[in-house]
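Presented below is the structure to which this report refers.
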Amino acid sequence: MDEKHISPTAEEKAYGSSSGDTPPYDGHNLQGADIRLKEAADIYGDVAAAEEYGYVTRGLKSRHIQFIALGGTIGTGLFLGIGKSLAASGPAPLLMGYTLTGIFVYAMMQCLGEMATWLPLPGAIPQFCARYVDGALGFAVGWNNWYQNAITICAEISAASLVINYWQGAQHINPAAWIAIILVVIVCLNIFAIQIYGEAEFCFASLKLITIFGLLIMSFIFIVGGDPAHYAYGFYYWQEHLENVNAAGEPQWGAFVFPFASAVSDRNSLSQFLAFFSTLINAAFSYGGVELVAVAAGEAENPRKNIPKAVRRVFWRILFFYVLGTIAIGCLVPANDPNLLNADSPTAASPWVIAIKNAGVPALDSIVNFVILTSASSSGNAFLYTGSRYMYALAQNGQAPRIFLKCSARGVPYYAVLVTAVVGLLTFLSCGSQDGGAAQAFSWFQNIVTIAQLFTWVSIGICYIRFYHALQAQGIDRNTLVFKSPFQPYLGYATAIFFSIVIFFSGFSSFMATPFAYKDFIADYIGVPIFFGFFFAWKLIKRTRLIPAAEVDLFTGKAALDEADAHWPEQIPRNILEKFWFWLC
C-alpha cells in the first residue's frame, strides 16, 4: 500500500504525540502512531478498517517482555502442580519427566522464536498456522488456544482458592468470594492499557523470581543440614527404608512410586516407565505459558531485539527453575505426604510450603504461601491477556466476528478481553462441593487445558516445518534472519512427534484403573475431538487446502515492521549498573 495515501486520524495523532516513546507524526515519514496505523492497514488490507477498529499498541518495554517470559515459566505448575506428580510417581520420575519435557519445550520455543522474530504479530501462533500451513489449522489452533487460555484462568483461580485454604481462618469462607475478587482484579489489569498489564506482570514476575531463587537456596541449606533441627535430608526420600512401611508391609517411599503395580512383584521396569510417563502431562501443564512471549510480540517495543533475547534464555529458566526445583522437592518432601495435591484431599498445599513447615521454620510457610497466591493470580492475569489476543488474532484472520478487532484508544481489544473473562465464571462450579471441590476442579481443569496446550505445541512444530520450507522455496537465506534457531528443521520434527506421542497416550492411566475411570478418560481426551472438530469444520466449510511452500504468505504486514525497526532507540549503557540492567532486560 502506498504510504502517501495513509493519514492518521486525530486520535492516532494525539496518541503518538503523547506517548513519548516514538516521534510524533510529521506529515512526511511514518513515525510513532503512524507506524501503528501502517501495521493495522497492512493487516486489515485498507486504511478505513484500521481507522474503524483501531489496533493494539506496542507498549510493552524490554523489561516487560523479559519478565513476562520469566513469569510464564514460573507459575502454579511449579509451585503447586509439581506436588501432584511427586505424589503420583515419586522423585525420580518427577525429575526425569520435567527434564525431558523441558528439553522439547526448549526445542519448540526455538521454532516459535524464529517465526515470531520474522513477523511479530499479535496472537501470533494461529496467524502463523493460517499463513504457513492451512487456514483450517489456523482456525483450529486459534479457537483451541482461546478456550485453553480461558479455561486455564479457571485452573489458576481454582489453585488460588486451594492456596488460600492453607490458612485456618480462610477455610470457613465460601471460595466464591475469593474467586470473585481475583476475577475482578485481573479484568481491571487487562482492560485499561497494555502498559498497566505490563507493569503488573513485571511486579508479579519479580516477586516470583526472588521467591524461587530464595526457595532453591533454602532447599540446598536444608538438604545439607542447615534447617532448625540440623537434619541433613540429602536423598533420604529417594531410598526405600524398610523401617517405614505401610499396612501391606511395603516401603512408604523411595525413588519411584508405583501407582500401576497392584503387588510388590509388579514393581518392574514397565511399572517404573509408566510412573515416569505419567509425569509428562503434569510437566506439560507446568510449562504452559512459556510461549506467551511470542503472543506478546505484537505489542512489544523493538520485538526483533527483545523476543530473541527472551527465547534464548528459556534453556536457563528450565534448568534453574524446573530441574533444580524438582531435585529440591524430591529431597525435602516424601511422596506420601498427605498434604500434597491428590484426589483424596479436600485441601492441598504447595510442596515448598510443606517442606518449610516440616522443617519447623516459623512464619516462612505463610509468607511463601502468600507469594504462591499472587503467582496464581498473576497466571490468571497472563492467561486472560493471552486468550484475548488469540481471539483478536482470529478476528484478524476472518475466523471470528470482526467486533473482536475493536480496540480502545489505548490499543486494548476490550470485547475480546471481556468475552474471555466470562469463561472464568466457570470457576464458580468448584464451589458446589464441600469435599475437595477446588482440588478436584483444579485437576480437571489441568487435564483439559494440558491437552489443548500440547496441540498448540504440535502445531508450532508443524508450522515451523512449513515456514522453513517456504523460506527455501522463496529464496530467503536463513542466515539473513535476525534470529536463526539451530538444528532446523529437526527441532520442528522432534517437537511435533514428541508432543503427539504424549497426547496419544495421555489417558493410559484411566484404562489401568479398576473399574475403568471414565471421568478421567473424558478429561484426558475431551480436547482431541474438540481440536479436530474445529479443524475439519473449517476445512469443509471453506474448502481450504495445504498451502504450497512457494505460495506461503511471508510478507503481509512485514514492511511496516521493517520500517519500525529503524525507530527504536539503541540502548547505550552509561555505567556498569545500566550494562547489567540492559543485559537482564
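What number of residues within segment 406-431 satisfy the criterion of being more than 23 Å from the chain's Cα centre (by Cα) and either free of Cβ contacts under 8 Å to residues at least 12 places away in the same chain or in a helix (DSSP H, G or I) (or both)?
Matching residues across segment 406-431 total 2.
Looking only at segment 174-221, which residues are open to solvent by 10 Å² or more (accessible area, probe 1.4 Å), over 19 Å from Gly289 (Cβ atoms), in contact with a helix residue (DSSP H, G or I) (Cβ under 7 Å, 6 or more places away or on another chain) and in a helix (DSSP H, G or I)?
Passing the criteria: Pro175, Ala176, Trp178, Ile191, Ile196, Leu216.
Residue under question is Ala170, and the condition is that it be more than 23 Å from the chain's Cα centre (by Cα), part of a helix (DSSP H, G or I) and at pLDDT 80 or above; does it hold?
no
Could you grab the pairs with beta carbons closer than 6 Å, sequence gap of 6+ or different chains, first residue in segment 535-550 and closer than 17 Å to Ala400 by Cα, second one part of a loop (DSSP other than H, G, I, E, B)?
Thr544/Asp134
Pick from segment 543-568 the residues that are at pLDDT below 90 and not in a loop (DSSP other than H, G, I, E, B): which of them is surrounded by the most Cβ atoms within 10 Å (Cβ to Cβ)?
So, considering only residues that are at pLDDT below 90 and not in a loop (DSSP other than H, G, I, E, B), the one surrounded by the most Cβ atoms within 10 Å (Cβ to Cβ) is Ala564.
So, in segment 513-531, of the ones that are surrounded by fewer than 14 Cβ atoms within 10 Å (Cβ to Cβ) and touching a helix residue (DSSP H, G or I) at 6+ places or on another chain (Cβ under 9 Å), which residue ends up modelled with the lowest pLDDT?
The qualifying residue modelled with the lowest pLDDT is Ala513.
Here are Arg389, Arg402: which of them is basic (Lys, Arg), touching a residue at least 60 places away in the same chain (Cβ under 8 Å) and open to solvent by less than 50 Å² (accessible area, probe 1.4 Å)?
Arg389
Does Glu156 meet the test of being part of a helix (DSSP H, G or I), within 27 Å of Phe428 (Cβ to Cβ) and of a type in the set (D, E, K, R)?
yes
Can Gln148 be described as buried (at least 24 other Cβ atoms within 10 Å of the Cβ), touching a Leu at 6+ places or on another chain (Cβ under 6 Å), part of a helix (DSSP H, G or I) and not hydrophobic (A, V, I, L, M, F, W, C)?
Answer is no for this residue.
Does Val187 satisfy the condition of being closer than 28 Å to Pro413 by Cβ and modelled with pLDDT of 85 or more?
So Val187 passes the test.
Looking at Ala284 and the list (1) open to solvent by 20 Å² or more (accessible area, probe 1.4 Å); (2) modelled with pLDDT of 75 or more; (3) among the hydrophobic types (A, V, I, L, M, F, W, C), which single condition is not satisfied?
The single condition Ala284 does not satisfy is (1).
Determine which single condition Ala438 fails, assuming it passes every other condition in (1) touching an Asp or Glu at 6+ places or on another chain (Cβ under 8 Å); (2) modelled with pLDDT under 75.
Every listed condition holds for Ala438 apart from (1).
In the list Val353, Val333, Val323, Val264, which residue meets the criterion of being modelled with pLDDT of 85 or more and open to solvent by 10 Å² or more (accessible area, probe 1.4 Å)?
Val323
Tally the residues that are within 21 Å of Phe483 (Cβ to Cβ) and either open to solvent by 30 Å² or more (accessible area, probe 1.4 Å) or over 18 Å from the mean Cα position of the chain (by Cα) (or both), restricting the search to segment 310-320.
5
Within segment 246-254, does at least one residue satisfy the condition of being at pLDDT below 80, surrounded by fewer than 18 Cβ atoms within 10 Å (Cβ to Cβ) and among the hydrophobic types (A, V, I, L, M, F, W, C)?
Checked segment 246-254: at least one residue is at pLDDT below 80, surrounded by fewer than 18 Cβ atoms within 10 Å (Cβ to Cβ) and among the hydrophobic types (A, V, I, L, M, F, W, C).
Look at Phe139 and say whether it is at pLDDT 85 or above, under 20 Å from Ala395 (Cα atoms) and open to solvent by 10 Å² or more (accessible area, probe 1.4 Å).
yes
Any idea how many residues of segment 469-512 are more than 21 Å from the chain's Cα centre (by Cα), among the polar types (S, T, N, Q), surrounded by fewer than 19 Cβ atoms within 10 Å (Cβ to Cβ) and part of a helix (DSSP H, G or I)?
4
Looking only at residues that are open to solvent by 10 Å² or more (accessible area, probe 1.4 Å) and modelled with pLDDT under 85 in segment 82-116, which one is nearest to the chain's Cα centre (by Cα)?
Lys84
The values are calculated or read from the model by the stated rules, or taken from the named source; none is laboratory data. Just so it is clear, the model here is predicted, and its values are computed rather than measured. Neighbour counts run over all protein chains shown; Cβ positions are idealised from the backbone, glycine included. SASA here: full protein model, heavy atoms, side chains in, ligands and nucleic acids out. Shrake-Rupley method; radii C 1.70, N 1.55, O 1.52, S 1.80 Å.
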